[in-house]
Amino acid sequence: NDAWKIYSIKKSQAGLVTASDEESPSAPSLADAGKIALATSLEFGRAIKSGDFNGLYKTTSSEVQQKYTVAAFAASFAEIVDKKLDVEVATDAKATFTTEPEMLENGVLHMAGVFVYGEQHDHLNFDYKLLYRHTQWKLLGIHVRITGEKPEAAD
């Protein structure tokens, strides 16, 4: 609507700051990574339950949105939707990371782990790749597996 939007305001630190410090953020703390993984997993669970992937799609990066439409993105999860699997984790669930969240090349955050959920104590094994865009982590890649087995946790 011909209006500017402010996505964030940063106050630079005093002293010498290199360009690389500004370009790629550092990996979030384990607590923050757990919150990011939970928010992504909750949105994924809602999408699977409802069959409506618009909410999950909105959490994806522009790179994903340029490559896939909402319908194509949703089609990736058709098998889980068709089986009517319950993959909704509790809103207060804690992620157990199987690898430490880490920053990969090109500013990609990688995190993998598991959420235990439901009466059957099923496991939502997740592997997420995210990019930091406009003050938020945006989904770049998602791989999930639903099992009854818990993988080994990272030290």
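Multiply the residue separation of residue 136 and residue 65 by 0.36 nm, subtract the distance between their alpha-carbon atoms, and state the gained length in nm to one decimal.
Net length gain for the segment: 24.0 nm.
Let me know the charge dipole size of the stretch 16-151 about its Cα centre in debye, to the nearest 20, where only the beta-carbon of Lys, Arg (+1) and Asp, Glu (-1) is charged. Mind showing how you got there, number by number?
On the way: 13 positive and 19 negative charges, 71 e Å.
The dipole of the stretch 16-151 has a size of about 340 debye.
Going from most exposed to least, what order do 103, 111 have by accessible area with a 1.4 Å probe?
Working: 103 55, 111 0 Å².
Per-residue accessible area, sorted high to low, gives 103, 111.
Let me spell out the model: positive unit charges on the Cβ of Lys and Arg, negative unit charges on the Cβ of Asp and Glu, origin at the Cα centre of the stretch 36-100. What dipole size does that give, in debye rounded to 20?
Computed charge dipole of the stretch 36-100: roughly 120 debye.
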Just read off the accessible area of residue 76 with the full protein assembly in place, 1.4 Å probe, to the nearest 10 Å². 80
Between residue 30 and residue 6, what's the calculated FRET efficiency when r is the beta-carbon distance and R0 is 35 Å? Round to 0.05. 0.70
With all protein chains in place and a 1.4 Å probe, residue 124 shows an accessible area in Å² (nearest 10) of 0
Just how large is the dipole of the stretch 90-131 about the Cα centre, in debye to the nearest 20, putting +1 at every Lys and Arg Cβ and -1 at every Asp and Glu Cβ? 60
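Tell me whether the stretch 85-155 comes out rounded, prolate or oblate; compute the Cα gyration tensor, take square roots of the eigenvalues as a ≥ b ≥ c, and use a/c under 1.5 as the rounded threshold. Each step should come with its number before you reach the end.
Details: a/c = 2.35, a/b = 1.73, b/c = 1.36.
It comes out prolate by the Cα gyration axes.
How much length is gained on full extension from residue 92 to residue 50, taking 0.36 nm per residue of separation minus their Cα-Cα distance? List each step's numbers first, then the result.
Values: separation 42, 0.36 × 42 = 15.12 nm, distance 2.06 nm.
Going from the current span to full extension adds 13.1 nm.
Between beta-carbons, use under 9 Å as the cut-off and find the net charge around residue 111, counting Lys and Arg +1, Asp and Glu -1.
Working: positive: 129; negative: 100, 102, 127.
Local net charge: -2.
Given the convex hull of the Cα atoms of the stretch 29-140, what is a quarter of its surface area in nm²? Intermediate results must be reported in sequence, preceding the final value.
Details: hull surface 28.5 nm².
If I average the Cα hull's projected area over directions, I get 7.1 nm².
The values are calculated or read from the model by the stated rules, or taken from the named source; none is laboratory data. None of the values given here were measured: they were computed from a predicted structure. Glycine also receives a Cβ, built like all others from the backbone with ideal geometry; neighbour counts cover every protein chain displayed. Surface accessibility is based on the protein's heavy atoms, side chains included, excluding ligands, DNA and RNA. Shrake-Rupley method; radii C 1.70, N 1.55, O 1.52, S 1.80 Å.
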